[in-house]
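Below is one structure, written out as structure tokens; the observations come after it.
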Amino acid sequence: MLVDSLFYYILLQIIFYEDRNFGGRSYECSSDCADMHSYFSRCNSIRVESGCWMVYERPNYMGYQYFLRRGEYPDYQRWMGFNDCIRSCRMIPHYQGSYRMRIYEREGFGGQMMEFMDDCASVYDRFRYHDIHSCNVMDGYWLFYEQPNYRGRQYFMRPGEYRRFSDWGGMNPRIGSFRRIMEPWKYPCTVFPRSSSTRTGTSGGAPIRCNSIRVESGCWMVYERPNYMGYQYFLRRGEYPDYQRWMGFNDCIRSCRMIPQLIDSFILLHGPSILVLHEYQGSYRMRIYEREGFGGQMMEFMDDCPNVYDRFRYNDIHSCNVMEGYWMFYEQPNYRGRQYFMRPGEYRRFSDWGGMNPRIGSFRRIMDFC
């Protein structure tokens, strides 16, 4: 087919289930849907096969909003839902960027700072400190290692601000090395328990023990505990005949996820039609206002903001003009609480973005490819 020679294509898909643990009636969706009430009466679990999505409590992209990336959500508490009601969903456009990260001597982005665009085999040799207390990943996907030369406990770093080491799951600030995740992911990762059975998948359902792994293609993160918790290990294509080969502390692997691939463009095949999707590759710019209708104090932003009050000196945002890029509002500081997906456009009052009140504690750009 001619289209195959012109585009790299993938199918974006999200599946909604009426019951917990992916049971009951289901509905598969591969594009924006403004009203899903006719497809299911309740939603207690979701499986995101690919892409990043916003799901909404009410039709027409209203009510509580939840940001979902690729993975499984066996009950609505897993996506921080307030109830089992999902009535609309929307795909989030993709972004292609370079690699850029800033590390800091102290928490809250204080003290000595150094910016990196390449791998670092020894943090101390280049940074002159053994510890990293905060970090701002501006572009690309990175991997932190507790020891130099890419050894020891690992931490998967997505674009965003990490004000303290606990934000990336660290037990302490010691980071010995880090590097970019540059290889594309594709498909299977096979886990071998001591028995002869095998299992291939993307998350959950891991064997009781895991003593060897074969990565057929791509790059993966595997986790000691369910739901992407506990010790994290980065695996690239190859064979790992025992758990010491992936620097494991034990034979326990309970969840895994693929590392996203950066692509230039792709198409979505949906039924008999072909929809060309474009990644967002521009800049980010947004203005927030003290009062509705773009009145009162105004401040323009081009970067993430973990605490609105610290920079804007107001706890509330009553109106907003998103001029460039895609953003996420959070009701609480440090990217916590109720979320609001902000597309380019004018929002004359907080109800325009689905808010129940004007309280916004933090916001950040949606930058990573999902």
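We did not get these values from a lab; they are worked out from the coordinates using the rules stated. Everything quoted here is computed from the prediction, not taken from an experiment. Note that each Cβ is placed from the backbone with ideal geometry, even for glycine, and that neighbours are counted across all protein chains shown.
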query: For the stretch 136-145, in order, what is each residue's ³J(HN,Hα) by Karplus, 6.51 cos²θ - 1.76 cosθ + 1.60 with θ = phi - 60°, in whole Hz (x at glycine and Pro)?
result: 10, 8, 8, 9, x, 10, 10, 10, 8, 10
query: So, in nm, how far is label Tyr309 from label Met356 when the simple model puts each one 7 Å beyond its Cα toward the Cβ?
result: 2.0
Hydrodynamic radius (Kirkwood) for the stretch 9-92, which is based on Cα pairs only, to one decimal in Å: 12.2
field: Lys, Arg +1 and Asp, Glu -1 on Cβ, resulting dipole of the stretch 100-180 about Cα centre, debye, nearest 20
entry: 120
message: Calculate log10 I(q)/I(0) of the stretch 100-180 for q = 0.12, 0.17, 0.20, 0.21 Å⁻¹, where I(q) comes from the Debye formula with a single equal point scatterer on each Cα and nothing for solvent.
response: -0.25, -0.53, -0.76, -0.85
query: In cubic angstrom, how much convex hull volume per residue do the alpha carbon atoms of the stretch 285-365 span?
result: 68
task: For Asp304, enumerate residues with amide H under 5 Å from its amide H, sequence gap 5+ or separate chain, H modeled in the peptide plane.
output: Arg365
